[in-house]
1. Multiply the residue separation of Asn112 and Phe210 by 0.36 nm, subtract the distance between their alpha-carbon atoms, and state the gained length in nm to one decimal.
2. Below 13 angstrom from the Cβ of Phe172, what's the summed charge of the other residues (Lys, Arg +1; Asp, Glu -1)?
3. What FRET efficiency comes out for the pair Lys2/Gln105, r = Cβ-Cβ distance, R0 = 41 Å, nearest 0.05?
4. Within segment 129-163, what residues put their amide N at less than 18 Å from the label point 7 Å along the Cα-to-Cβ vector of Met197?
5. Please name which of Ala141, Ile72, Thr158 has its Cα lying farthest along the dipole of the chain towards the positive end, using unit charges on Cβ (Lys, Arg +1; Asp, Glu -1) and the Cα centre as origin.
6. Take the Cβ-Cβ distance between Arg140 and Asp218 as r, set R0 to 41 Å, and report the resulting FRET efficiency rounded to the nearest 0.05.
7. Pick out which of Gly28, Gly59, Gly178 has the largest mean-square fluctuation in a Gaussian network model of the chain, springs linking Cα atoms closer than 10 Å.
8. Probe radius 1.4 Å, ligands and nucleic acids ignored: give me the carbon and sulfur share of the accessible area of segment 102-173 as a rounded percent.
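The values are calculated or read from the model by the stated rules, or taken from the named source; none is laboratory data. No experiment lies behind these values; they were computed from the predicted model shown. Counting neighbours? That spans all protein chains shown, and the Cβs are built from the backbone with ideal geometry, glycine included. Remember, those area values only see protein heavy atoms, side chains included, never the ligands or the DNA or RNA. Shrake-Rupley method; radii C 1.70, N 1.55, O 1.52, S 1.80 Å.
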Amino acid sequence: TKCDFMEVCHLLLYGELPNVAQRQEFTGRVIKHTMVNEQMQAFLSGFRRDSHPMAVMTGLVGALSAFYPDSINLHDASQRDISAIRLIAKMPTLVAMAYKYSVGQPYMYPRNDLSYAANFMRMMFATPCEDYKPNDVLVRALDRIFILHADHEQNASTSTVRLCASSGTNPFAAIAAGIACLWGPAHGGANEAVLKMLREIGDRKRIPEFIKTVKDKD
């Protein structure tokens, strides 16, 4: 509970929690790679605005391999390392871009003075019209959500990424495959199903009726 998501990422990549200097160095590396190539905006514009976000993310993450041909060799430790840093850094930026595109708002560029979670919240919900101040409570809650997902162990997506990588493909393609697996209703899509269920219920007064219907075998 005393660690943040950046420290957990360091633990997963290098096998140990970072000391103060290592944390600063690692976080600094991630921050330097949060921006994405401007051509990503043109790539994104090829999708319909009502496209499913998982379809968009599969395409965007897979496309990263075309922008970084210098770091797609899985057999090179240094290339694996920089690809991991780029994926950690750019994922929030790409997710926020996909969301902004769907609602027709301008993209918000990352800020190097914010934490990982705060930066993500700002890119998602800020607009150029006014300053955005992330809520510290929500930032910490989001950071813990990221940690919980990182602690999901050998799930379907992790297995998919490892299987895909075993063919010798590049890291971006392997992660794109993992995202495609996450799309399924028995995996990450379960969260989407919950949101649909809540919309179907609509009002707190309908909860008993809904539960009764779910339990009714007929």
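1. Answer, rounded to one decimal: 30.7 nm.
2. Local net charge: +2.
3. Between Lys2 and Gln105 the formula returns 0.70.
4. No residues fall inside that zone.
5. Highest projection toward the positive end goes to Ala141.
6. 0.35
7. Gly28
8. Ligands and nucleic acids excluded, carbon and sulfur reach 57 percent.
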